[in-house]
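What follows is a short report on a single structure.
The values are calculated or read from the model by the stated rules, or taken from the named source; none is laboratory data. Fair warning: this is a prediction, and the values are worked out from it, not measured in the lab. So basically every Cβ, Gly included, is an ideal-geometry build from the backbone, and we count neighbours across all protein chains shown. These area figures cover heavy atoms from the full protein model, side chains too; ligands, DNA and RNA do not enter into them. Shrake-Rupley method; radii C 1.70, N 1.55, O 1.52, S 1.80 Å.
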Amino acid sequence: MALDFVYIEDLAQLEGTTGTLKGWLYNKRGSKGLYFLIVRDGTGLVQCVVNQEEVDAASWDAADAATQESALAVTGRIVKDERQVGGFEVQATHVELISQAEDYPITPKEHGVEFLMDRRHLWLRSRRQWAILRVRNRIIMSIHEFFQEQGFVQMDAPILTGNAVEGTTTLFGIDYFGEPAYLTQSGQLHGEAMAMAMGKIYTFGPTFRAEKSKTRRHLTEFWMIEPEMAFYDLAMNMDLAEAFLVRIATDALRDCQTELEVIGRDTAPLEKVKSPFPRLSYSEAVDLLRSDETTAMLNAREAALQDEQQQLTDERDANQKAYGQAKKWRKRQIDAREIEINKRLSEVEEALRNIPQWRESAKNFEWGSDFGGSDETVLTWHFDRPIIVHRYPAVVKAFYMKRDPDDDRLALGMDVLAPEGYGEIIGGGERATDLQFLKDQIAAHGLPESAFEWYLDLRRYGSVPHAGFGLGLERTVTWICGIDHVRETIPFPRLLGRLKP
Ligand code: 4AD
Ligand code: MG
C-alpha cells in the first residue's frame, strides 16, 4: 500500500514500501541520467535516487530544476542502505517540485557568525542548528516531566512587573501607561507567592536582563525554570537541583544520540553526571582557587595546550607541503581538515592567552568578592561533574536571601556550576522569612518598599521556611551540547546589538 505522506524518522518501519516524502533539497549530486537528492524534512535527512529511466519526464525535469532549499515531494521505494545518511534510501518513482528556491545564501562553505546570525531565520535549517534546537526541545520536555512527576504545579509568572528581583543594573524599563515598569528579571518573587498557595511550583518563562557586555554566557532575553518549594531548606534545595540535572543529562544522552553526534559532542563527560555532586562552601571554593593545587592544575593545562598547538601546527604544515602533489579528493580532504585545524587552533590560542590571567586572578582571589566567569571555569576544571557552591557572602547576593544562622556574613545561597569550564547554570537558595529583616534589606539595596508590599505580605500571613532556584535554559543547552556560546541554543537570540531577525 502506498502511503501518501511519510516522515524520514519513520523510514525504518516503512522499509520495502512506497511512500511520499515532503521536504527541502539539502544537497544534490548528479551524474549521467542520475540525480542523488539529499532531502531534509525536519525529522532527518535521506538520499533520494532519481534515475532518468525510471521516472517520467516531468519528474526528471523537477529533479533537474531543484536548487538548494527548493521544496519537493518525492515518491519512491524505501530501501535499507547502511552506507547512506540515516541508513535508508528512497528510489524515486515520482518527483514534484513544490516550489523552487532562489539562490540560497547559506552554502556548504564556511560563513562568519555575524553573516549567519543575520540570516538566523534560514540558518535554523542547517544540520548543526537543527541538532542543537532538538536537544533544547528534549531538555524542555525533561524539565516538565521531572517536576510534574513530583507533583509540582507549573505557574506562569508575569513578564511585565513593577519590581526588580536581581538588582537594578540589568533592568529593562518600560512605560506602563505612565507608570514605571520592567520586563521581569526572574519569576521568583511571584513564584514564592504561588508556592504558598500550592506547596511546590515551578515557573518556565522568558526573563530579561539588560546585559551590556558581550560574553559567551549572557543573553538579554533567556528562558528560566524556577522551582519554589514551601518548607524546603538549603540542603533540600541542593538535593533537588542535583536530581534535576542528573535527569536532564541522562535523558539527553539516551534520547539525543543522533543530535549530539551531529554536534560532535564528546559524550563521555555527560556520562559522569551522576549523584553525588561535590558540594563546597564559598569559603572552601575560595581556598581551592587560591591553592597551589589550582596553580599546578593550570600549569598542566597550559602545557597540554602548548603540545596540542604544536601538533596542530605541524599537521597543517605537512598538509600544506603535500597539497601541490595531492590528488583532487585528497585536496578536498586537506581543505576540510584545514578549517577544523584553524578553528581548534584559535580556541587553543585563546585559552593560552587567558590562562596566565586566570592563574593570577585565582591566586589573588579575595574572600568576599563574587566569582567571575573565569574563576568559575577554573573551579569546575577540578571536578568531573557539576559542583554546588553554597553560603556566599551576603553582599554579593540578592536582598531576599536568608542569612546563615552560624555566620551572619553569609547568605544561604547556592550556585550550581556545570563542568568542563561552563560555570554557573543554576542560582538559588533559601529565602529570608523575617518581615523586618526583609524590610531592612530592601532599604539597604536601595529598592522602593512600596513595590514590594505584596511580597512582604507573604511574611505577614503564614511565613514559612522555603527555598528555590533558577536554571538558565540556554546555558544548560550550551553545556549539554558542549558548544562554546549561548547564542546558538535559542531560535532567535537577543544579545547586545542583536534584535533581528
Ligand atoms: O542567578 P540568577 O540571577 O538567579 C535568579 O534569578 C533567581 N531569582 C533564581 C531563583 O532563585 N529562583 O539567575 C539564574 C540563572 C543563572 O544561573 C543562569 O543560568 C541564568 O539564570 N542566567 C542567564 N542566562 C543567560 N543570559 C543571562 N543574561 C543570564 N542571567 C542569568
Ligand atoms: Mg546567579
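Side notes on the structure shown:
- DSSP bridge pairs, the stretch 8-99: antiparallel proportion in percent, nearest 5: 90 percent
- In units of the rule-of-thumb radius 2.2 N^0.38 Å, the chain shows an alpha carbon radius of gyration of 1.15.
- Between residue 352 and residue 257, the modelled labels are 3.8 nm apart [label points 7 Å from Cα along Cα→Cβ].
- The stretch 8-99: relative contact order as a whole-number percent, Cα under 8 Å and 6+ apart: 32 percent
- Selection of GluC sites (Glu not before Pro), the stretch 274-305, meeting DSSP coil and at most 15 other Cβ within 10 Å: none
- Within the stretch 423-466, chymotrypsin sites (Phe, Trp or Tyr not before Pro) in DSSP loop having at most 15 other beta-carbon neighbours inside 10 Å: 461
- Accessible surface of the stretch 338-479, 1.4 Å probe, proportion on carbon and sulfur as whole %: 49 percent
- For the stretch 8-99, the residue among 93, 18, 8 whose Cα projects farthest onto the positive side of the dipole built from Cβ charges is 8.
- Kyte-Doolittle mean at least 0.5 and Cα axial length at least 30 Å: DSSP H helices in the chain: 234-255
- Residue 445 versus residue 127: modelled label distance in nm, points set 7 Å from Cα along the beta carbon direction: 4.7 nm
- A 1.4 Å probe run over the protein chains yields, for the chain, 48 Å² of accessible area per residue, whole-number rounding.
- Estimated FRET transfer efficiency (residue 314, residue 406; beta-carbon r; R0 60 Å; 0.05): 0.60
- Loop-located trypsin sites (Lys or Arg not before Pro) across the stretch 232-311 with a Cβ neighbour count of 15 or fewer within 10 Å are 272, 274, with loop assigned by DSSP.
- Reported to the nearest whole Å, the Cα centre-to-centre distance from the stretch 182-229 to the stretch 101-138 is 28.
- Label point at residue 361 placed 7 Å out along Cα→Cβ; residues across the stretch 415-433 whose backbone nitrogen lies under 17 Å: 417-418, 420-425
- Solvent-accessible area of the stretch 8-99 (1.4 angstrom probe, protein heavy atoms only): carbon and sulfur portion equals 47 percent.
- Normalised by the number of residues in the chain, the average gap of Cα pairs under 8 Å and 6 or more apart makes the relative contact order 14 percent.
- Förster radius 30 Å - calculated FRET efficiency between residue 156 and residue 338 (Cβ-Cβ, nearest 0.05): 0.05
- Mean Cβ count within 10 Å, highest first, over the residues of peptides 335-343, 24-32, 465-473, 124-132: 465-473, 124-132, 24-32, 335-343
- Assuming charge only on the beta carbon of Lys and Arg (+1) and of Asp and Glu (-1), the dipole of the chain about its Cα centre is about 1060 debye to the nearest 20.
- Hypothetical label at residue 322: residues of the stretch 329-343 whose amide nitrogen lies under 17 Å (7 Å Cα-Cβ projection): 329-342
- One chain, two ends: residue 168 and residue 456. Fully extended at 0.36 nm per residue, the span grows by 101.8 nm beyond their Cα-Cα distance.
- By accessible area, using a 1.4 Å probe on protein heavy atoms only, the stretch 144-215 has 57% of its surface on carbon and sulfur.
- Exceedance of the 20 Å cut-off in Cα-Cα distance is limited, within the set 272/343; 402/439; 200/439; 274/343; 109/500, to 272/343; 200/439; 274/343; 109/500.
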